[in-house]
1. From the list ARG21, ARG58, pick out the single residue that is charged (D, E, K, R), part of a helix (DSSP H, G or I), surrounded by 16 or more Cβ atoms within 10 Å (Cβ to Cβ) and free of Cβ contacts under 8 Å to residues at least 60 places away in the same chain.
2. Here are some residues: HIS86, HIS36. Which one is under 17 Å from MET270 (Cβ atoms), surrounded by fewer than 19 Cβ atoms within 10 Å (Cβ to Cβ) and either out of contact with any Pro (no Cβ under 7 Å at 6 or more places or on another chain) or of a type outside the set (S, T, N, Q) (or both)?
3. Would you mind telling me which numbered condition in (1) in contact (Cβ under 8 Å) with a residue 40 or more places away in the chain; (2) more than 19 Å from the chain's Cα centre (by Cα) THR255 fails?
4. So, in the range 72-99, exactly how many residues are of a type in the set (A, V, I, L, M), more than 17 Å from GLY247 (Cβ to Cβ) and either over 18 Å from the mean Cα position of the chain (by Cα) or at pLDDT below 95 (or both)?
5. Cβ-Cβ below 7 Å, separation at least six or inter-chain, first residue in the range 192-204 and among the aromatic types (Phe, Trp, Tyr), second surrounded by fewer than 19 Cβ atoms within 10 Å (Cβ to Cβ) and assigned to a loop (DSSP other than H, G, I, E, B): which pairs?
6. Within the range 188-207, can you find the residues that are under 27 Å from GLY336 (Cα atoms) and in contact with a Pro (Cβ under 8 Å, 6 or more places away or on another chain)?
7. Among residues belonging to the range 158-191 that are of a type in the set (D, E, K, R) and under 14 Å from the mean Cα position of the chain (by Cα), point out the one that is surrounded by the most Cβ atoms within 10 Å (Cβ to Cβ).
8. Keeping to the range 82-123, report how many residues are out of contact with any strand residue (DSSP E or B) (no Cβ under 6 Å at 6 or more places or on another chain), among the polar types (S, T, N, Q) and touching a residue at least 60 places away in the same chain (Cβ under 8 Å).
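The values are calculated or read from the model by the stated rules, or taken from the named source; none is laboratory data. None of the values given here were measured: they were computed from a predicted structure. Here the Cβ is made from the backbone with ideal geometry for all residues, glycine too, and neighbour counts use every protein chain on show.
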Amino acid sequence: MESDLLLPTEAMRQWVADLWRAAGSCEQEAQLTADHLIGANLAGHDSHGVVVVEQYVRALLAGELRLNQRLSLVADTDTLLVVEGHQGMGQSMAFQTMQLAIERARRHGVAMVGLRHSHHIGRVGHYAEQAMAASFASIHFTNVVGCPMVAPHGGRQSRFGTNPFTVGLPRRDAPSILLDFASSAIALGKVRVAYNRKRQVPVGVLIDHEGQPTLDPAVMYEKPLGALLPAAGHKGYALAVVCDLLGSALFGGSTPHPRQLALTGFYNNMLTIVFDPARFGASEPFEREASAFIGYVKSSAPRDPNSLIEMPGDSERRYRAQRVRVLPLDANTVRGLDQAAQAVNALSGAALPPASSLVAP
């Protein structure tokens, strides 16, 4: 098993931004994309970090990713909106969506915005954090369109995406609550990280092409292909269905079916609900009850004496403290970044150095 390579965090942020500038992104889009991807690695979600850069570059070359797009309004009733993402860079499309949702929620107390036809938006928790930074709570139903990767409950062939569900709840003088998980038993990107690192996946998350349990991540990348399992059996399966229908089809977005499968990468649609918790008029009771409840929950004796009871969002904060200076990346991911740089250099005539040149000695 190869050891991870260590790359300076801020140098990698600059490198990713430079890559997208060279590819044709405007300054804001390049920086938003770099901040988001590095932010995912910082939060411990390597599955949604720089590992996706190579995939994004392939989508750009295939004409499936369009740079420098602006959202367009499809429907607008002040608090209920639908916006079109034009296959634009997902980090920019979702950022613009959240800007709009926050502005309307500030005006009306609540806003629901359906984003459709965006390229991959990455780690959805990032957008809940955007809302919480403005003191707003948010709920997100997101679907994934592209090659299906998750089998329905009781099935053995993949039929839908990892369809995440996300909730952000700000606290006034305490750490926020951030719930952000795939409706599959594991995110596909985590399987890719395991595949790159030549490690097995946990028990109960994958089946092979015959529907048999397996620990081998290769079943998602080498034929004959297997499938991810839904989280918590029928419960995760039902949540994934809701994310496809409520988080996409309801406002004109697409869902996985045979006509949508010939894609190099992935698209996302997302229904976002943003609201001002202060409008309930119970800020003081909320903070008091939240503190009491969280303290009570965390007072439970851990089964492992070397671990702590954590709240949703605690692990992200812990990873950020550990990775503020350097990011651990597997060698296959770094090779993929080098290949992405070569492709962008050939496309644009730029001279972007390989990411491997940043590896700490």
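1. Unique residue meeting the criteria: ARG21.
2. Only one candidate qualifies: HIS86.
3. (2)
4. Number of matching residues: 1.
5. TYR195/TYR221
6. Of everything in the range 188-207, those that are under 27 Å from GLY336 (Cα atoms) and in contact with a Pro (Cβ under 8 Å, 6 or more places away or on another chain) turn out to be VAL191, ARG192, ALA194, TYR195, ARG199, GLN200, VAL201, LEU206, ILE207.
7. If we take residues in the range 158-191 being of a type in the set (D, E, K, R) and under 14 Å from the mean Cα position of the chain (by Cα), then ASP180 is surrounded by the most Cβ atoms within 10 Å (Cβ to Cβ).
8. Matching residues across the range 82-123 total 2.
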